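The values are calculated or read from the model by the stated rules, or taken from the named source; none is laboratory data. In this text, all values refer to a predicted model and were calculated from it rather than measured experimentally. These area figures cover heavy atoms from the full protein model, side chains too; ligands, DNA and RNA do not enter into them. Shrake-Rupley method; radii C 1.70, N 1.55, O 1.52, S 1.80 Å.
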Amino acid sequence: MARLLGTISTLRWQTRIKLWLAALLAGLMVVAFAKLADMALGFFAYLTSGRAWVPLILTPTVGMLTVWLTRRFCPGAEGSGIPQVIAATWLAAKGKPVNTLLSLRIAFGKIFLGALALVGGFSAGREGPSVQVAASVMHSIHSFFPHSRALRMQDLILAGGAAGVAAAFNTPLAGIVFAIEELGRRLETRTSGVLVSTIIISGLVAVALLGNYNYFGHLKVGNLDRTIILPIIVAGLLTGLLGGLFSRLMLWPQQRKDLKVWRWRNEYPIYFAGLCGLLIAIIGLVGGGLSYGSGYMITSQVVSGELVLPWHAPLTRFLATIVSYYSGIPGGIFAPALAVGASLGSNLAQLLGIPADTIPVIALCMAGFLAAVTQAPITSAIIVMEMIDGHEMVISLMAVTLIAKAVSGRLSPELYQHLALGFRTTNEPAGP
């Protein structure tokens, strides 16, 4: 009996150690992705500094190269990565293979090709792709456990995806909520320990290497009074309408596959990516360069009150992000969606006669637009709250995201869940 208990204890510790090592590796890869993305954005800024015409050549070329490399070497790495993780969680729960959606090859491809797309100025983020990267790492360790039933594969995928959000944004609470609200839609008792431990270790890696930072800095809100009610309502309605339209446009290729433009994209994906790159360059040229890249730096300046954006900034960022997604590059929409929201907030503050440096309105629009796009209101509110260290706004952020989600839901179905249906259908083996 003592020998049996000793063996069980050994197996448990082997499982824990391998889980923690995988979480450590996931955190390291997410941090490496962040560093590489920053270098890519800096290189694009260097290439285009004082040369506004360069993206007309650079962006289409990089777009074609990125899509060719993705399709040739890393199929499954295209797009955000969150729909792939949702689909993989569902397939794994059914006992079906998910290697075409999650693997170390896809993880490394997502990192390097996602960074390459940013060199071309595509409007894409690294946060959504970090979900697929971390989930791929966790999925890859399943076969190394002492016995196959030590941990369920779907639990590892779920924990990895949540850890990707937590490490990318330095928002551990948002990672847990994201797992419940978006990835798994439920949290079982046996899943919670894996989820929390993975998030803690991956988050500690990010903090150790990047510092205990707030994604968009510290937001000093002060006391909020009843004057915030009108901005909450207006921001909720506005971001709900625009976010619902954004989500509907993102689903357009999937819902209208019969249209000639999408058939042409399927037949000539490389040339289509080049055309998208040219459109993004034109949008950037017309918009004064505000729509290039992830939008992180511009959003940081808006949140800190250093920059007031022109009226066209939300429009150009909106269009550039949609076209970037259509191109088929690996890249997410979290950071660009937050940039659209910040631009809307800057414009709305001016429209309502509020001083442009009144940051709460900007935070409301960031959370509202993200909630409208993802239709995950709690996750969106907590992400913005943790990113800007604005805990004083938690009730206001919850209110605006619920309004935005309600409006968006009238215009479009849930974005990630419906995108995941395509991956589920494609990767689910045919029945006997």
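The table below lists the values:
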| read-out | value |
| --- | --- |
| Shape category assigned to region 301-405 from the gyration tensor of Cα positions, a/c cut at 1.5 | oblate |
| Whichever lysines have a C-alpha closer than 26 Å to that of residue 257, once near sequence neighbours (fewer than 8 apart) are set aside | 110 |
| Relative contact order (%) - region 265-345, alpha-carbon pairs under 8 angstrom, separation at least six | 40 percent |
| Fraction of accessible area attributable to carbon and sulfur, region 60-135 (%, probe 1.4 Å) | 68 percent |
| Extension gain (nm, one decimal) between residue 350 and residue 229, 0.36 nm per residue minus Cα-Cα | 41.9 nm |
